[in-house]
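K.L.:
Please read through the structure below; I'll follow up with questions.
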């Protein structure tokens, strides 16, 4: 979190049941795993891409929106799609 | 930014998926199989079974604490590359896990991570004020209990070995496993 503070109390009620709030979140999680298996990127590259999102976008996005944007960014940068 | 960034997230996800499938990088079947396994196999029941075994078998406890991946493999959770480190709670020492960078977590052994584990608040505050964070979970530790915070990475993931509750000497291993909670394995609850 880069040393930032001020995010308030922990949302302890977000128990993770169900683990994904919507089907697209599960698909994003799965796509990230598949692309790691294929060697397109590794976990650190994904995390680094998440952290490279513009700060306003990063803070406004939900957790899996950040993952989706990071995967889109990496796929572009790696040139793996025609 | 390309144009599809303006689409709703579900449509963007579907578009990305279709392009990856068309490029031969994955398939619908592979994704479905992965998600089915995630929903049916990845569960804190797995971590709980490891804890119950460690409580009842000193040899297994030693293995689990010295080589977490090997301890998981012995219980049938093989092929993990977590660099799993299992950290034991005692009466005077408490452990809690976090991932300040993002959300590294031993999903196979604990199930998909809870929303709060991925929240900015948990990630930023657990390393600064763990006692206050644990209090928000209703866990008030004595002031003389030391707290160690373990920050996960893609190379090292953690699981807490909770202290065995008093008065459980007669219980069989399966009954002991049933006492172990997901939050107990993260360190945000006692058993």
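K.L.:
Does anyone have the angle between helix A:63-78 and the longest principal axis of chain A? Alpha-carbon axes, 0 to 90°, nearest 10?
P.N.:
20
K.L.:
Still on this structure, please answer the following. Which ordering of B:118, B:41 is given by a fewest-first count of other beta-carbon atoms within 10 Å?
P.N.:
Ascending number of Cβ neighbours within 10 Å: B:41, B:118.
K.L.:
Explain nothing, just the number: relative contact order of the stretch B:70-187, from Cα pairs under 8 Å at least 6 residues apart, as a whole percent.
P.N.:
Answer for the stretch B:70-187 is 38 percent.
K.L.:
Using alpha carbons only, how many angstrom separate the centre of the stretch B:143-173 from the centre of the stretch B:14-48?
P.N.:
The two parts, judged by their Cα centres, are 30 Å apart.
K.L.:
With a point put 7 Å past each Cα toward its Cβ, work out how far residue B:175 is from residue B:90 in nm, to one decimal.
P.N.:
2.8
K.L.:
Turning to a different aspect of this structure: Just for the protein assembly as shown, what percent of DSSP beta bridges are antiparallel, to the closest 5?
P.N.:
Bridges in the protein assembly as shown that DSSP calls antiparallel: roughly 0 percent.
K.L.:
Under the classification rounded if a/c is under 1.5, otherwise prolate if a/b is larger than b/c and oblate if not, where does chain A fall, given a ≥ b ≥ c as square roots of the Cα gyration tensor eigenvalues?
P.N.:
Oblate shape, in that a/c is at least 1.5 and b/c is the bigger or equal ratio.
K.L.:
Per-residue counts of other Cβ atoms within 10 Å, averaged by peptide: what ranking do you get for B:173-182, B:99-108, highest first?
P.N.:
The packing order, highest mean first, is B:99-108, B:173-182.
K.L.:
Follow-up question, since we're still on this one. Hey, with R₀ at 25 Å, roughly what FRET efficiency would residue A:22 and residue A:52 work out to, going by the Cβ-Cβ distance, to 0.05?
P.N.:
The formula returns an efficiency of 0.50 here.
K.L.:
With each pseudo-label sitting 7 Å past Cα toward Cβ, what's the residue A:59-residue B:155 distance in nm, one decimal?
P.N.:
3.2
K.L.:
For every helix of n ≥ 4 consecutive DSSP H residues, a contribution of -39,500 (n - 2.57) applies; sum these over chain B, divide by its total residues, and give [θ] at 222 nm rounded to the nearest 500 deg cm²/dmol.
P.N.:
-12000 deg cm²/dmol
K.L.:
Turning to a different aspect of this structure: Between the helical axis of A:43-52 and the dominant principal axis of chain A, each derived from Cα atoms, what acute angle in degrees is found, rounded to the nearest 10?
P.N.:
So the helix axis and the longest Cα principal axis differ by about 70 degrees.
K.L.:
Ignoring everything except DSSP H segments at least 4 long, calculate the 222 nm mean residue ellipticity for chain A; use -39,500 (n - 2.57) per segment, divide by total residues, nearest 500.
P.N.:
Calculated from helices alone, the mean residue ellipticity at 222 nm is -17500 deg cm²/dmol.
K.L.:
If you line up the Cα atoms of the protein assembly as shown on their principal axes, what length do they span on each, largest first, in Å?
P.N.:
The principal-axis extents, from largest down, are 61, 41, 28 Å.
K.L.:
Here's another thing I want to ask about it. So, R0 is 25 Å and r is the distance between the beta-carbons of residue A:78 and residue B:7; what FRET efficiency does that work out to, to 0.05?
P.N.:
Once rounded, the FRET efficiency stands at 0.70.
K.L.:
Counting other beta carbons within 10 Å of each residue's own, what order do B:147, B:186 fall into, fewest first?
P.N.:
B:147, B:186
K.L.:
Here is a follow-up. Percent relative contact order of the stretch B:128-191, based on C-alpha pairs within less than 8 angstrom and at least six residues apart?
P.N.:
Relative CO of the stretch B:128-191 lands at 38 percent.
K.L.:
For A:59-72, what's the mean count of beta carbons from other chains sitting within 10 Å of each residue's beta carbon?
P.N.:
3
K.L.:
May I pose another question? So what's the angle, to the nearest 10 degrees on a 0 to 90 scale, between helix B:9-22 and the longest Cα principal axis of chain B?
P.N.:
The answer is roughly 70 degrees.
K.L.:
State, as an integer percentage, the relative contact order of the stretch A:23-78 based on alpha-carbon contacts under 8 Å between residues 6 or more apart.
P.N.:
42
K.L.:
Further question: Based on other C-beta atoms within 10 Å, arrange B:170, B:74 from fewest to most.
P.N.:
B:170, B:74
K.L.:
Give the average, rounded to an integer, of partner chain Cβ atoms located within 10 angstrom of each Cβ in A:32-39.
P.N.:
Mean shielding count: 4.
K.L.:
Could I have the simple spin-label model distance between residue B:41 and residue B:19, label points 7 Å from Cα toward Cβ, reported in nm to one decimal?
P.N.:
Spacing of the two 7 Å Cα→Cβ label points: 3.1 nm.
K.L.:
Could you tell me the calculated FRET efficiency between residue B:140 and residue B:33, based on Cβ-Cβ distance and R0 = 41 angstrom, to the nearest 0.05?
P.N.:
Efficiency, rounded to the nearest 0.05: 0.40.
K.L.:
Please average, across the residues of A:47-54, the number of beta carbons from any other chain that are within 10 Å of each residue's own beta carbon, and give a whole number.
P.N.:
2
Readers should treat all values here as calculations from the given coordinates under stated rules, not as data from a laboratory. Source: prediction; values computed, not measured. Glycine also receives a Cβ, built like all others from the backbone with ideal geometry; neighbour counts cover every protein chain displayed.
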